[in-house]
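The structure appears below as structure tokens.
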Amino acid sequence: MVFDELLNKDALSVQDIVFLLQCKGDEEKKLFAKSESVKKRHVDNIVYLRGLIEFSNLCRKDCNYCGIRKSNLNIDRFNLTDNDILQAAEFAFKNRFGSIVLQSGEIQSLAFTKRVVKLLDKILKLSNGQLRITLSCGEQSRDTFRQWLEHGATRYLLRIETSNEDLYYKIHPHDKFHSFEERVEALNNLKLLGYQTGTGVMIGLPYQTYEDLANDLLWIKKMDVDMVGMGPYLEHSGTPLYKFKSNLMPQTERFQLSLKMIAILRIIMKDINIASATSLQAIDKMGREKAIKIGANVLMPNITPGMYRNSYKLYDNKPCTDENPEDCKSCLEWRVSITNNIIAYGGYGDSQHNSHKRGSTLRKI
Ligand code: SAH
């Protein structure tokens, strides 16, 4: 089949996607031109901002790739005060970011649930309900998810990391804290409760194949999520997966593969929100902008108070760890403008996919 026909097919198979993921040169340019036009038509060249607040690196999990895993004793553990978090939220509100993401390691306790409830109440108050809040605090019970939803969180990010269960257990310990089944169940709970639900995967993991990545995209589509964040896997020297460092695809290839994943995702899920992951920027200084150009429509400037950023190192060479929020904001503006996109200041950027789904459910009723 000629390449253009493949790009215009209604439903891509695993083999089609594997082929697209490996394309190069002119074919790669065509893929990106296609995803760029799908983006323009369905979500326009508009970028929504989410101020990212990494509020704690305390974590009960021991993911084999992650720098804040429980067994990494070489990092300072921190937990921002409520005041620090509220100040960061206020910064986002005053600068008309429209929304924030509260992200942390995974803690499951009554105290943690209550703390987040309290923070949600305070953030909604300080912004007169005019900041959308996304949570990214790992797997939680259905009841905890429900409480957070009732207190104003409307979106939740929980990456599946890989949809291949065997690979999942190669990159996580095989124990009760790291169950693939429970992660999927948590995602389903989020959807059922009515969150705008986000997931995603890492690209270029040890053992990962092109088929795995193609299946990831089809899995994400089948889950019918509203938002996706995915980016290259990056080594962290304090983690068990570091020993595979020399067997991995070079970082520049992982980067290019991530762009192709984003482009194909935009083609198969036209109206979802796709975040341009920070890990893209760790490989290429203009990485996030390149992703915006070919399909992503959400940027997450880091607004965590500067002094804590070094302790939230999920991987080595994490960018923006020595900047303050003001620096990040001004550099973002010109970065976005050179991709022919504009920042929607004050826009909430709710997932259009989510409203389309709701619309069709209402029509059925
Ligand atoms: N604890 C939360 C979120 C914190 S980590 C949760 O479980 O959802 C946020 C994301 O960073 C993870 O979902 C993972 O996809 C990504 N991440 C962690 N380590 C990484 C690494 N070494 N390279 C690239 N991405 C990584």
(request) Restricting attention to segment 12-52, report how many residues are open to solvent by 70 Å² or more (accessible area, probe 1.4 Å) and under 26 Å from M227 (Cβ atoms). (result) 2
(message) Suppose we filter L248, L257 for residues that are under 16 Å from I203 (Cβ atoms) and open to solvent by less than 20 Å² (accessible area, probe 1.4 Å); which single one remains?
(response) L257
(message) For segment 99-110, check the following and say yes or no: at least one residue is part of a helix (DSSP H, G or I) and either within 16 Å of the ligand (Cβ to nearest atom) or open to solvent by 10 Å² or more (accessible area, probe 1.4 Å) (or both).
(response) yes
(message) From the list L190, L167, exactly one residue is within 12 Å of the ligand (Cβ to nearest atom), in contact (Cβ under 8 Å) with a residue 12 or more places away in the chain and assigned to a helix (DSSP H, G or I). Which is it?
(response) L190
(message) Just checking, does segment 88-98 include any residue being open to solvent by less than 30 Å² (accessible area, probe 1.4 Å) and either within 16 Å of the ligand (Cβ to nearest atom) or not in a helix (DSSP H, G or I) (or both)?
(response) yes
(message) If the requirement is being closer than 17 Å to F112 by Cβ, more than 10 Å from the ligand (Cβ to nearest atom) and part of a loop (DSSP other than H, G, I, E, B), which of these qualifies: F177, F145?
(response) F177
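Residue-by-condition table, conditions (1) at positive phi; (2) modelled with pLDDT of 95 or more; (3) open to solvent by 20 Å² or more (accessible area, probe 1.4 Å):
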position	(1), (2), (3)
D166	no, yes, yes
Y169	no, yes, yes
E182	no, yes, yes
A186	no, yes, no
L190	no, yes, no
T199	no, yes, no
G204	yes, yes, no
Q208	no, yes, yes
L213	no, yes, no
(message) Restricting to segment 60-87, name every residue that is more than 15 Å from the ligand (Cβ to nearest atom), open to solvent by 20 Å² or more (accessible area, probe 1.4 Å) and touching a strand residue (DSSP E or B) at 6+ places or on another chain (Cβ under 9 Å).
(response) D84
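Residues checked against (1) over 23 Å from L280 (Cβ atoms); (2) touching a residue at least 60 places away in the same chain (Cβ under 8 Å); (3) within 20 Å of the chain's Cα centre (by Cα):
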| position | (1), (2), (3) |
| --- | --- |
| D121 | yes, no, no |
| K125 | yes, no, no |
| G138 | no, yes, yes |
| K176 | yes, no, no |
| V184 | yes, no, yes |
| T197 | no, no, yes |
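The values are calculated or read from the model by the stated rules, or taken from the named source; none is laboratory data. The shown structure was predicted, so the numbers you read here are calculated from the model rather than taken from an experiment. Methodologically, a virtual Cβ is constructed for each residue, glycine included, from the backbone with ideal geometry; neighbour enumeration extends over all protein chains shown. What goes into the accessible areas is simple: the full protein's heavy atoms, side chains included, and nothing from ligands, DNA or RNA. Shrake-Rupley method; radii C 1.70, N 1.55, O 1.52, S 1.80 Å.
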